[in-house]
1. Evaluate segment 45-60: report whether one residue or more is farther than 24 Å from R115 by Cα and either assigned to a helix (DSSP H, G or I) or among the β-branched types (V, I, T) (or both).
2. In segment 129-152, what count of residues is obtained for those that are within 26 Å of V207 (Cα to Cα), open to solvent by 10 Å² or more (accessible area, probe 1.4 Å) and touching a helix residue (DSSP H, G or I) at 6+ places or on another chain (Cβ under 8 Å)?
3. If you take the residues in segment 9-60 that are more than 22 Å from L131 (Cβ to Cβ) and among the hydroxyl-bearing types (S, T, Y), which one is surrounded by the fewest Cβ atoms within 10 Å (Cβ to Cβ)?
4. Just one of (1) under 15 Å from the mean Cα position of the chain (by Cα); (2) modelled with pLDDT of 95 or more trips up S176, so point out which.
5. Could you look through segment 153-178, keep only residues that are open to solvent by 80 Å² or more (accessible area, probe 1.4 Å) and in contact with a strand residue (DSSP E or B) (Cβ under 7 Å, 6 or more places away or on another chain), and pick out the one that is nearest to G118 (Cα to Cα)?
6. Tell me which residues, restricted to segment 85-96, are touching a helix residue (DSSP H, G or I) at 6+ places or on another chain (Cβ under 9 Å), of a type outside the set (A, V, I, L, M, F, W, C) and open to solvent by 10 Å² or more (accessible area, probe 1.4 Å).
7. Does segment 168-212 hold any residues that are among the aliphatic types (A, V, I, L, M), in contact with a Phe, Trp or Tyr (Cβ under 8 Å, 6 or more places away or on another chain) and farther than 19 Å from L138 by Cα, and which are they?
8. Under 16 Å from L16 (Cβ atoms) and either touching a residue at least 12 places away in the same chain (Cβ under 8 Å) or of a type in the set (V, I, T) (or both): which single residue out of R115, R85 fits that description?
Amino acid sequence: MRIADQASRAESLSRLYVELSACRRCPGMQGPPVHGEAVISPVMMMGQAPGTREIQRGMPFCWTAGKTLFRWFESIGVDEPAFRRSVLISAVCRCFPGKNPKGGDRVPDAGEVDRCTGWWRSELALARPRLIIPVGRLAITQLMGPRRLHDVIGAQWPYLSPAGLEADLIPLPHPSGASTWFKMEPGKALLARALALIDAHPAWEEVRAALG
């Protein structure tokens, strides 16, 4: 019964991604929308928004930041190919926000974030993960409210979705090459602590065990 239920939810997730691919709700965002594989997993990772390379390749975290991120996960037993097929990869926004005139990528505005919220909430409802890994300040804010990285990274937090789903949150910093937060103390130590918590979480152990 459990296998049949997972197959049904995976099929629903695939249909959701067909709808997502057709979304053009935000004229200020540059598409097409990006999503990961339709994976029903006990672990869900939530990023911020794709960059230009992700839009071109239609794959989340496929460039410089992704290389750093997947090195982190490989250090706790799950390499990039395994992660992509075993963990649900979500994001706050699915299209590229464009460049900030002052440098870097533009942060999506409140309306853009709000219009994209239904996609990740639908993923959450279908996958029912027991562990959610928000990556970066924007993702952390969606799940925990505005918080300083120093105050939340390196610890595990409870999460209750509006639909009543309970899960654990273990936040990570964004792995952007422009960021020095995770390369200097206390960020470096807090990142190591967060990865150790993920490594020890039963949902992550289940993913690892399924990989053989």
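1. Within segment 45-60 (the criterion being farther than 24 Å from R115 by Cα and either assigned to a helix (DSSP H, G or I) or among the β-branched types (V, I, T) (or both)), the answer is no, since none of the residues qualifies.
2. Total satisfying the criteria: 5.
3. S14
4. (2)
5. In this case the residue turns out to be L160.
6. Listed by number, the list holds a single entry, S86.
7. Of everything in segment 168-212, those that are among the aliphatic types (A, V, I, L, M), in contact with a Phe, Trp or Tyr (Cβ under 8 Å, 6 or more places away or on another chain) and farther than 19 Å from L138 by Cα turn out to be L195, I198.
8. R115
The values are calculated or read from the model by the stated rules, or taken from the named source; none is laboratory data. Note that the structure is predicted; figures quoted are calculated from it, not measured. Heads up, the Cβs are rebuilt from the backbone with ideal geometry, glycines too, and the neighbour counts pull from every protein chain shown. The protein model used for the area step is the full one, side chains on, heavy atoms only, and it has no ligands, DNA or RNA in it. Shrake-Rupley method; radii C 1.70, N 1.55, O 1.52, S 1.80 Å.
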